[in-house]
Amino acid sequence: MEKRTVIDAQICNLLNARDPQGMKLLFQTYYKPLVSYANTFIRDLQLAEDIVQEFFIALWNGEIRQELIPGSLASFLRVLVRNRTYNRVTKRDILTRYVEVDKIDAVFQEYDDSRDHIVNLVLKEVETFPDRTREILTAVFVNGLKYREVAQRLGVSESTVKTLLGNAIRKLRERLNREQFSQFLIFFCTKN
Amino acid sequence: MEKRLLNQEMEERLLAFFNGELDEAANEEIRQWADSDPKNRAAYDAFLKDYLRLRWAQEDRHIQVTRAWQRISATTRGKRQRRIYFTVAASIAILAVAAAVFLFIPKKANQPLAQSSIQPVKPQATLVLSTGKKIDLNQAHLPILEQDGSTVNIDTLSGLRYDTAAPQTTQLIYNKIIVPRGGEYFLTLADGTQIWLDAESTLEYPVQFNTTERRVKLQGKAYFSVTRDTTKPFLVEVDKFSIRVHGTEFNVNAHDAQRIETVLVNGSIGFKANAKSAEQLLQPHQLAMVNSLTGQSEIRDVNILPHVAWKNRNIVFANERLDNIMEEIARWYDVHVFFQNEELKALRFDCNMPRYSDIRELFFFMEQTSNARFYINDRTVIISKK
C-alpha cells in the first residue's frame, strides 16, 4: 500500500513535468488493472485495451486538463476510464445494469493492491483443471462468449458448460478464501 | 472456515446472472432474492467479489502489454522529438503555410465544410477481356462470352460473376478488373471465390481454373473469401509477395509494397514476403506486415475489424493516425489531401460510420474531436490547425 503511494507521487510529478518516464511508470503500474477494470463494463478485452491506450495517449497529449494529484490518482484514473467505456459501449453489460459501481470499485481496489498474488494463485489452480474446463473458463471470462456459443464450439451441451464452469468457480472460490483465511491468521498472529 | 452460504444450484444461477445468461424476468428474480434477506445479500456480495476477482485474474495474462506499450511509447517519443525539431523548422513552416494559404484556401474560409461535389465510393470498374477489349462495367449489362466458352455475368448489384459450370477446356485465359479511385467492385470467380476489390485496385485472374492451382495477381486492396478446394491451392501474388491458401477469408492491403498488410479472418494461410523468403503461417486475427522489397515481415495479433470493415460497407478506424486515415479517404472519395501542419498527421482518431457517408460528415466528426480543421476546395482537402 505504501509502496503504491510513493509510485503514485512519482507518476504525478513526472507526468506533470511531461517526462516520458512518467508515462512508462504509469503504464507499468496501471495499464493491466485499468484494462481489467474497463473490461468489467464492456466484456471485450480488445476494446478495453484500446480504451485505456487512448486514454493514456490523451493524458500525455494534454487533452485532459487537470493537474494529477498523487492521493487521488487511482480513483481519478478509474473514473476517467469508466466514463470512456460508457461512451463506447453498445450493449450494456449486466454488471453496469444491476451492480452498483461503488461495489465494483471496492472489490477492484482490493484486487489491485494484491493483483500479482491473486493472479498467480488463480492461474496455478486453473493449471490443475482438465483442458476442457480451462477452455470454457477462457471462452466465458476472456472472450465473453455465451454458454450457447461455447457449447457449440466445443461440441458439448449447454448444461455441461454450466456444470463445468460452476465446478471450476467453486474450486477457485475455495482456493481464494482458504488463502484469505490464512492471511488473516498471519495478520492476527503478528499483531499479537 | 467459510460457511457454505449457497447451494450448488444457486451458485450456478448467480454465475449465469453475472455472465449475462439470464433473461429479464430471471434477472429480476435474482435481485429480489438478494434483497429479501440480509443473509442472501451477504452471500450475493461474497459471490460477486470472487466472481470479479476470478474474471480479472483469468484475463490478466491475455492483456497484450507489449503491443500496448509500442503504441503508447510511440506517442511519447514522437512528442519529444518534435519539440527539438520544431524550432529549427519553424521559419520554413511559416513560409510553407503562407504559400499554402495563398494557393489553396477558398474565398469563404469561414465556411470550412461548404458544398462539395465529392461523392462517396460507388461500384465502378473496367473489365479487360482476354482479347484485350475493355468494358466499362457501369455501362454494360449483358452477359459476355469469353474465348473459352465461359460466360461472364454482369449485375449492377452483385457485380461480376463467372460461370461455375463452364466447359472444361485446357486453355488458360486471363481477365483483369481495374477499379479506379472512388470505386469499388465485387466479383465471384469461376471456383465460387468471392472478392471485394477496394478503390484503386487491380486483380488479374484466369477465367477458368483448369490447372493444378488457382493463381491470381493483385494490386491495391482486396478481401478474399476463398472457396475450399484442397486439391487446388489458391495463390494471391502481389509482385514478389505471395499468399497460399486452401479455403479461408482474409484481407490484403498492398497499396504500399513496403507495408503489405494481410489480416486473416478465419482458416489459415501461408505467405512469402518475397520470392527468396521462407513461407510463414498466419493464424486467424493476426496481421502480417510485410516489406516485399527487403523481405522483412512481422506478425502480430490485431483487432481485425478496422481492416475488414470496408468490405461490409463501413469505415472503421481504431486509434489510427490521421495521415493513414486520409490516405484511405483520398482513394475512396478520389480527393487530394494537403496537410498545412506536419504535426496534424500524428493526430489519432476512432471512427465507425457507413462507407457511403458524405465526406463532410466524417470531417465534421473529426473537427469536433480535435484541433484540426478541414477545408474542401474542389477535389482538394486542406487540413489546418484551428
Worksheet item: Which one of B:GLU298, B:GLU200, B:GLU261 has the biggest mean-square fluctuation once chain B is modelled by GNM with Cα springs under 10 Å?
Response: B:GLU298
Worksheet, complete the sentence: Relative contact order in percent for chain A (Cα pairs under 8 Å, 6+ apart) equals 19
Worksheet entry | Net charge of neighbours whose Cβ lies under 14 Å from the Cβ of A:ASP105, counting Lys and Arg as +1 and Asp and Glu as -1 | -1
Item to complete: Give the range of the longest stretch in chain A that excludes all GluC sites (Glu not before Pro) found in loop regions by DSSP and having at most 15 other beta-carbon atoms within 10 Å.
Response: A:101-192
Worksheet item: Where in segment B:294-312 does the amide nitrogen come within less than 16 Å of the point 7 Å from the Cα of B:GLN70, taken along Cα to Cβ?
Response: B:296-304, B:307
Response to the item:
Candidates B:GLN171, B:GLN283, B:GLN64; GNM for chain B (alpha-carbon contacts under 10 Å) flags as most fluctuating B:GLN64
Worksheet item: Using a simple spin-label model with points 7 Å from Cα along the Cα→Cβ vector, what separation in nm is obtained for B:ALA346 and B:PHE364?
Response: 3.1
Practice prompt. Could you list the residues of segment B:332-369 with an amide nitrogen less than 11 Å from a label point located 7 Å from the Cα of B:LEU305 in the Cα-to-C-beta direction?
Written response: B:351-353
Worksheet item: What's the extension gain from B:ARG77 to B:ASN266 if we count 0.36 nm per residue and subtract their Cα-Cα distance?
Response: 64.5 nm
Item to complete: Express the relative contact order of chain B as a whole percentage, based on alpha carbon pairs under 8 Å and six or more residues apart in sequence.
Response: 11
Fill in: Separation of the B:THR170 and B:HIS285 label points, Cα + 7 Å toward Cβ, nm
4.8
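Of the cross-linked pairs B:LYS240/B:LYS276; B:LYS345/B:LYS385; A:LYS146/B:LYS49; B:LYS133/B:LYS221; B:LYS217/B:LYS240; A:LYS124/A:LYS171, which ones have a Cα-Cα span greater than 19 Å in the structure shown? Present the calculation step by step, with values, prior to reporting the outcome.
On the way: B:LYS240/B:LYS276 9 Å; B:LYS345/B:LYS385 11 Å; A:LYS146/B:LYS49 21 Å; B:LYS133/B:LYS221 24 Å; B:LYS217/B:LYS240 10 Å; A:LYS124/A:LYS171 12 Å.
Listed pairs above 19 Å: A:LYS146/B:LYS49; B:LYS133/B:LYS221.
Based on the Cβ-Cβ distance from B:GLN32 to A:GLU158, what FRET efficiency comes out when R0 is 30 Å, to the nearest 0.05? Don't skip to the answer; put the middle values down first.
Working: r = 25 Å, r/R0 = 0.84.
Here the calculated transfer efficiency is 0.75.
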Discussion item. Tell me the relative contact order for segment A:1-106 as a rounded percent, counting alpha carbon contacts under 8 Å between residues six or more apart.
Written reply: 32
Item to complete: Over the whole of B:70-76, what's the average partner chain Cβ count within 10 Å per residue? Rounded to a whole number, please.
Response: 6
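What's the local net charge at B:GLN296, with K and R +1, D and E -1, over the other residues with C-beta under 14 Å away?
With Lys, Arg at +1 and Asp, Glu at -1, the neighbours total +2.
Could you calculate the FRET efficiency of A:ASN13 with A:SER114 from 1/(1 + (r/R0)^6), where r is the beta carbon distance between them and R0 is 22 Å, rounded to 0.05? Present the calculation step by step, with values, prior to reporting the outcome.
Numbers: r = 26 Å, r/R0 = 1.17.
Computed FRET efficiency for A:ASN13 and A:SER114 comes out at 0.30.
All of the numbers you see were taken from the coordinates with simple rules; none came from a lab. If you're wondering where the values come from, they're calculated on a predicted model, not measured in any experiment. Cβ sites come from the backbone with ideal geometry, for glycine too, and all protein chains shown count toward neighbours.
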